[in-house]
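A short write-up of the structure that comes next.
The values are calculated or read from the model by the stated rules, or taken from the named source; none is laboratory data. No experiment lies behind these values; they were computed from the predicted model shown. Reconstructed Cβ throughout: ideal geometry from the backbone, glycine too, with neighbour counts over all protein chains shown. Just so you know, the surface numbers come from the protein's heavy atoms only, side chains and all, with ligands and any DNA or RNA stripped out. Shrake-Rupley method; radii C 1.70, N 1.55, O 1.52, S 1.80 Å.
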Amino acid sequence: MVPPATLQMLVENAVKHNRFSGNDPLRICIREEDEFLAITNDLRKRMGVQNSIGVGLENISKRYELTSDKRIEITETKDKFIVRVPIINNDEGHHI
């Protein structure tokens, strides 16, 4: 389990902050890695988008602080943006 709307917000952030077209699509990959969901997208920063990066990520981080002792991990490379969100198991006693 992950907090509600987490995946939606991460995909929306990728679309908002990156350039793409029909001939040059934005690739977003969601996969399980260890006890995380890793959401990776191509990094092609869109010109003209104000420095609003971080608001959605901060909201997701705060949701984890309220529901778990686990934290999200954010990595930016030259060509990829990766967010790893912990999978919270029901048997941990936390409610989302």
**OP:** Show the residue pairs that are 6+ apart or on different chains and have beta-carbon atoms under 7 Å apart, the first residue being within segment 64-80 and under 25 Å from Arg27 (Cα atoms) and part of a loop (DSSP other than H, G, I, E, B), the second being open to solvent by less than 60 Å² (accessible area, probe 1.4 Å) and among the β-branched types (Val, Ile, Thr).
**Re:** Ile72/Ile60; Ile72/Val83; Ile72/Val85
**OP:** Could you please tell me which pairs satisfy a Cβ distance under 7 Å, a separation of 6+ or placement on different chains, a first residue in segment 26-47 that is closer than 15 Å to Glu76 by Cα and open to solvent by less than 40 Å² (accessible area, probe 1.4 Å), and a second residue that is part of a strand (DSSP E or B) and aromatic (Phe, Trp, Tyr)?
**Re:** Asn41/Phe81; Leu43/Phe81
Original post:
Only one residue in Thr67, Thr6, Thr77 is at pLDDT 90 or above, buried (at least 16 other Cβ atoms within 10 Å of the Cβ) and not aromatic (Phe, Trp, Tyr). Which one?
Top reply: Thr6
Subject >> Residue list for segment 1-55, filter: outside any loop (DSSP other than H, G, I, E, B) and aliphatic (A, V, I, L, M) >> reply: Leu7, Met9, Leu10, Val11, Ala14, Val15, Ile28, Ile30, Leu37, Ala38, Ile39, Val55
Original post:
What single numbered condition from (1) over 12 Å from the mean Cα position of the chain (by Cα); (2) farther than 20 Å from Ile88 by Cβ fails to hold for Met1?
Top reply: (2)
**OP:** Scan Ile96, Ile87, Ile60 and give me the residue that is modelled with pLDDT under 95, open to solvent by 60 Å² or more (accessible area, probe 1.4 Å) and at negative phi.
**Re:** Ile96
**OP:** Scan segment 10-22 and give yes if some residue there is open to solvent by 100 Å² or more (accessible area, probe 1.4 Å), of a type in the set (S, T, N, Q) and over 15 Å from Ile72 (Cβ atoms), otherwise no.
**Re:** no
